[in-house]
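*Asks:* One structure is given below, represented as structure tokens, and several questions about it will come after.
The values are calculated or read from the model by the stated rules, or taken from the named source; none is laboratory data. Predicted model, so just to flag it, every value in this text is computed and none were measured. For neighbour counting, all protein chains shown are included, and Cβ atoms are generated from backbone atoms with ideal geometry for every residue, glycine included. Keep in mind that these areas ignore ligands, DNA and RNA; they rest on the heavy atoms of the full protein, side chains included. Shrake-Rupley method; radii C 1.70, N 1.55, O 1.52, S 1.80 Å.
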Amino acid sequence: MRTTANWHDDLARVGVLPAQQSRSRELRDRLIEEGLRIARKISFDEVGVADICNAAECSTGAFYARFPDKLTLFKAVMVAAAAESGPMLEAIVRETTFNRILAELTQAQVARYIEQKTFFRSAFKVSLESGEAWEPFRRNVHALTDAFLDRVAREPSIDHARVDEARIRFAFQVMYGVLNNTIINQPGPFFLETPEFPDMLEQTMLATMDLLRRPTAS
């Protein structure tokens, strides 16, 4: 399981019980990993503790020694999902040719939301009452935006005197707002599966950022 430097603090924040021994931590992480795998296929409301324990090959007693209840496990699952997606998305921003960053990013995000619809819908529901469980995702957004701002600062074709950092940060907020609203409310007329959706999202971000190019020498 891919984790971050904030892993243990994030788990403690959402109520996961301390695991002192390495074997205890290994089983805790296996339960989280299996919980994430299941949550991507089945609404977490429909999953029982026994189902998760069977998948992780452990007893319910071992489960409750690490998690007070199923809700706490799902919060830990959200922490794990954020720890997995953050580095992947940042790699797109840091490693892609500048002019292709937003195209690659929006395509990856739309594909990710489509693939994990069930998980995200459960996560949004939990986050309404447990905001701390969403904090790792919120931190990911800021880190992703910072990575893009770093690319902008190093891009010679951009007129840096005209860069508006607030507009760039708002463009990323717009991206996540559109993705989240589309997956929850499906307002239409465009949906995640609409072929033009990633391109339209990219164009919306570009318009919001309003990045100007340096004039080229004639």
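*Asks:* Taking amide H positions as placed 1.01 Å from N in the peptide plane, with prolines and chain starts having none, which residues 5 or more places from L212, or on another chain, fall under 5 Å of its amide H?
*Replies:* D159
*Asks:* Residue by residue through region 129-144, what is 3J(HN,Hα) from phi via Karplus (6.51 cos²θ - 1.76 cosθ + 1.60, θ = phi - 60°)? Round to whole Hz and write x for glycine and proline.
*Replies:* Residue by residue, region 129-144 yields 10, 9, x, 5, 6, 8, 4, x, 5, 4, 5, 4, 4, 5, 5, 5 Hz.
*Asks:* What area, in nm² and to one decimal, does the C-alpha convex hull of region 4-50 cast on average over all directions? Walk me through the intermediate numbers first.
*Replies:* Values: hull surface 15.9 nm².
If I average the Cα hull's projected area over directions, I get 4.0 nm².
*Asks:* Shifting gears a bit: Take region 37-193, drop everything but the C-alpha atoms, weight them equally and run the Debye formula without solvent; then report log10 I(q)/I(0) at 0.09, 0.19 Å⁻¹ to two decimals.
*Replies:* Calculated log10 I(q)/I(0) at the listed q: -0.37, -1.22.
*Asks:* Residue by residue, what Karplus-based ³J(HN,Hα) values in Hz, rounded to whole numbers, does region 159-168 have, using 6.51, -1.76 and 1.60 with θ = phi - 60° and x for Gly and Pro?
*Replies:* For region 159-168, the Karplus curve yields 7, 5, 5, 9, 6, 10, 4, 4, 5, 5 Hz.
*Asks:* Once you sort the root eigenvalues of the Cα gyration tensor of region 125-218 as a ≥ b ≥ c, which label holds: rounded (a/c under 1.5), prolate (a/b larger than b/c) or oblate (the other case)?
*Replies:* oblate
*Asks:* Diagonalise the Cα gyration tensor of region 76-146 and give the resulting equivalent ellipsoid semi-axes, square root of 5 times each eigenvalue, largest first, whole Å.
*Replies:* For region 76-146, the ellipsoid semi-axes come out as 24, 14, 9 Å.
*Asks:* So how long is each side of region 48-88 along the principal axes, counting just the alpha-carbon atoms, biggest first, in Å?
*Replies:* Computed over the Cα atoms, the extents are 34, 18, 15 Å.
*Asks:* Sort V47, V141 by accessible area with a 1.4 Å probe, largest first.
*Replies:* If we order V47, V141 from most to least accessible, we get V141, V47.
*Asks:* Roughly how many nanometres apart are two label points built 7 Å out from the Cα toward the Cβ at D199 and E26?
*Replies:* Simple spin-label model gives 5.1 nm for this pair.
*Asks:* Roughly how many Å is it from the Cα centre of region 67-101 to that of region 25-47, as a whole number?
*Replies:* So the two Cα centres are separated by 15 Å.
*Asks:* Which semi-axes, in whole Å and largest first, does the equivalent ellipsoid of region 12-105 have when worked out from the alpha carbon gyration tensor as the square roots of 5 times its eigenvalues?
*Replies:* After scaling each eigenvalue by five and taking roots: 31, 15, 11 Å.
*Asks:* Compute the length gained on full extension between S59 and R151: take 0.36 nm times their separation in residues and subtract their Cα-Cα distance, giving the result in nm to one decimal.
*Replies:* Using 0.36 nm per residue and subtracting the Cα-Cα distance, I get 28.3 nm.
*Asks:* While we're on this one: Which whole-number percentage describes the relative contact order of the chain, with Cα contacts under 8 Å and a sequence gap of 6 or more?
*Replies:* After rounding, I find 23 percent.
*Asks:* Now, a different point. So how exposed is H160, as accessible area in Å² (1.4 Å probe, rounded to 10)?
*Replies:* Approximately 70 Å² for this residue.
*Asks:* If each DSSP helix of 4+ residues adds -39,500 (n - 2.57) and the sum is divided by the residues in the chain, what number results at 222 nm, nearest 500 deg cm²/dmol?
*Replies:* It lands at -22000 deg cm²/dmol.
*Asks:* With θ set to phi - 60° and the Karplus curve 6.51 cos²θ - 1.76 cosθ + 1.60, what are the ³J(HN,Hα) couplings of region 107-118 in order, to the nearest whole Hz, using x for Gly and Pro?
*Replies:* 5, 5, 5, 5, 4, 5, 5, 5, 5, 10, 3, 4
*Asks:* Considering only R121, R138, R100, give the residue with the highest GNM mean-square fluctuation for the chain, with springs between Cα atoms whenever their separation is below 10 Å.
*Replies:* Checking each option, the largest mean-square fluctuation is seen for R100.
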